[in-house]
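What follows is a short report on a single structure.
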Amino acid sequence: MYKFFTKKFSSINQAQIKPFKDELAVITGGTRGIGYSIAQKFAQNGARCVLIGRNKEMIEKARKYLDKNFEVDNNHLGYECDLRIPTEIEKVVINISKLQKVDYLINAAGVSHDSLVVKLKEQEVNDIIKTNLLGTIYMCSHISKLMIKARRGCIINISSVVGLHGNSGQSIYSASKAGVIGFSKSLAKEIARKNIRVNVIAPGFIETDMISMMSENVKESYKNKILMQRFGRPEEVAEAALYFAKAEYITGQVLIVDGGLTLS
Ligand SMILES: NC(=O)c1ccc[n+]([C@@H]2O[C@H](COP(=O)([O-])OP(=O)(O)OC[C@H]3O[C@@H](n4cnc5c(N)ncnc54)[C@H](OP(=O)(O)O)[C@@H]3O)[C@@H](O)[C@H]2O)c1
């Protein structure tokens, strides 16, 4: 009797600590910044992670860190893929489809080149739209097919507050992020009946490489506009991703993680 209860109790505890055990999370941009924090959070909760980025060394470094700290059956994985190139996405998805079913897709890869509209360069426009918007669209399109077969899945796309409110000097970046929101809401409507949820996180300023180029003066002036008077940490965005992953009755929503920036 005692043995039964302790065994049962310990298995309940195990499930509570590792709610994503035996599940697979594919994370674009999972090698740095917000995506890497999300990968750590999901791995900590028991998920096996597939990290996608362009830099081989960064992928391997991030993957090894997950393997060392968050053990899973068959190791965490990493794939080199330039999301601007649809054929590269197709190749990676073929590899992913040979693994177990995909439970979570988190599209966190993104780039930003700031420029006024009158000074736009075609190459930068293409880079932003292809990575942030088309990369997200094609990843969702391919992976949602796998999820539809499994009749289960959760997609989380990372947009930005500028996709909701715009920002001077970030017109193309804002367009790409607004596109992600419109796309995600439509996709949520298309696949909710297949038991797949699609949600969006819209971060404000988060301490990653993406904002490291800002001068200290500019950083201070932005911080003064944030109600919480500081930039966010990648882990704080990862908490929002974890929330969406567990929120079985929420789809088609945008969660703003900006410390009150857009209220001020
Ligand atoms: N940081 C912020 O303040 C902030 C605010 C709002 C929204 N966001 C959004 O949050 C997401 C994560 O941003 P972050 O701040 O974590 O950026 P980050 O630190 O610069 O990391 C960007 C990630 O995207 C990957 N990536 C970029 N271009 C790629 C491509 N063509 N193909 C595949 N992977 C690519 C990078 O890997 P490789 O370079 O190795 O390819 C890296 O893993 C982005 O979508 C960004 O727009 C960030």
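The values are calculated or read from the model by the stated rules, or taken from the named source; none is laboratory data. Just so you know, these numbers come straight off a predicted model, no measurement behind them. Neighbour counts are summed over all protein chains in view; Cβ atoms, including those assigned to glycine, are modelled from backbone coordinates with ideal geometry. These accessible areas exclude ligands, DNA and RNA; they are computed on the full protein's heavy atoms, side chains included. Shrake-Rupley method; radii C 1.70, N 1.55, O 1.52, S 1.80 Å.
Think of each Lys and Arg Cβ as +1 and each Asp and Glu Cβ as -1; about the Cα centre, that makes the dipole of region 24-257 roughly 700 debye.
Relative to the longest principal axis of the Cα atoms of the chain, the long axis of helix 171-191 makes an angle of roughly 40 degrees. Expressed in Å, the radius of gyration and Dmax of the Cα atoms of region 194-264 are 14.3, 49. Please list log₁₀ I(q)/I(0) at q = 0.09, 0.10, 0.13, 0.15 Å⁻¹ for the chain, using the Debye equation with identical point scatterers on the alpha-carbon positions. Per q value, in the given order, log10 I(q)/I(0) is -0.41, -0.50, -0.83, -1.09. What's the angle, to the nearest 10 degrees (0 to 90), between helix 86-97's Cα axis and the longest principal axis of the chain? For 86-97 against the chain, the angle is about 10 degrees. Here the label points at V125 and R233, each 7 Å from Cα along the C-beta direction, are separated by 4.0 nm in the simple model.
Between R193 and K246, the C-beta separation translates, for a Förster distance of 25 Å, into a calculated FRET efficiency of about 0.75.
Taken about its Cα centre, region 198-244 carries a charge dipole of about 200 debye when Lys and Arg each add +1 at the Cβ and Asp and Glu each add -1 at the Cβ. Using a cut-off of 16 Å between alpha-carbon atoms, which lysines can reach K98, once sequence neighbours fewer than 8 places away in the same chain are excluded? Partners found: K145, K149. When the charge dipole of the chain is built from unit charges on Cβ atoms (+1 for Lys and Arg, -1 for Asp and Glu) and taken about the Cα centre, the candidate among I94, I128, I211 whose Cα reaches farthest toward its positive end is I94.
Evaluated at q = 0.20 Å⁻¹, a Debye calculation over the C-alpha positions of region 69-192 (equal weights, vacuum) places log10 I(q)/I(0) at -1.13. For the listed residue pairs K64/K225; K119/K177; K56/K101; K18/K64; K189/K225; K68/K219, the alpha carbons are over 31 angstrom apart in K64/K225; K189/K225; K68/K219. For the chain, the mean residue ellipticity at 222 nm estimated from helices alone is -15000 deg cm²/dmol, where every DSSP H run of n ≥ 4 contributes -39500 (n - 2.57) and the total is divided by all residues, rounded to the nearest 500. Carbon and sulfur atoms: what percent of the 1.4 Å accessible area of region 24-257 do they account for? Whole-percent figure for carbon plus sulfur exposure: 51.
Per residue, the accessible area of the chain comes to 53 Å² when a 1.4 Å probe rolls over the protein heavy atoms.
With a Förster radius of 35 Å applied to the C-beta separation of E71 and K185, the computed FRET efficiency comes to 0.40.
Computing FRET efficiency as 1/(1 + (r/R0)^6) for M214 and R54, where r is the C-beta to C-beta distance and R0 is 25 Å, gives about 0.60. A simple spin-label model places pseudo-atoms 7 Å from Cα toward Cβ; at K21 and R151 they are separated by 2.5 nm.
Applying a DSSP loop filter and a limit of 12 other Cβ atoms within 10 Å to the chymotrypsin sites (Phe, Trp or Tyr not before Pro) in region 188-249 leaves Y249.
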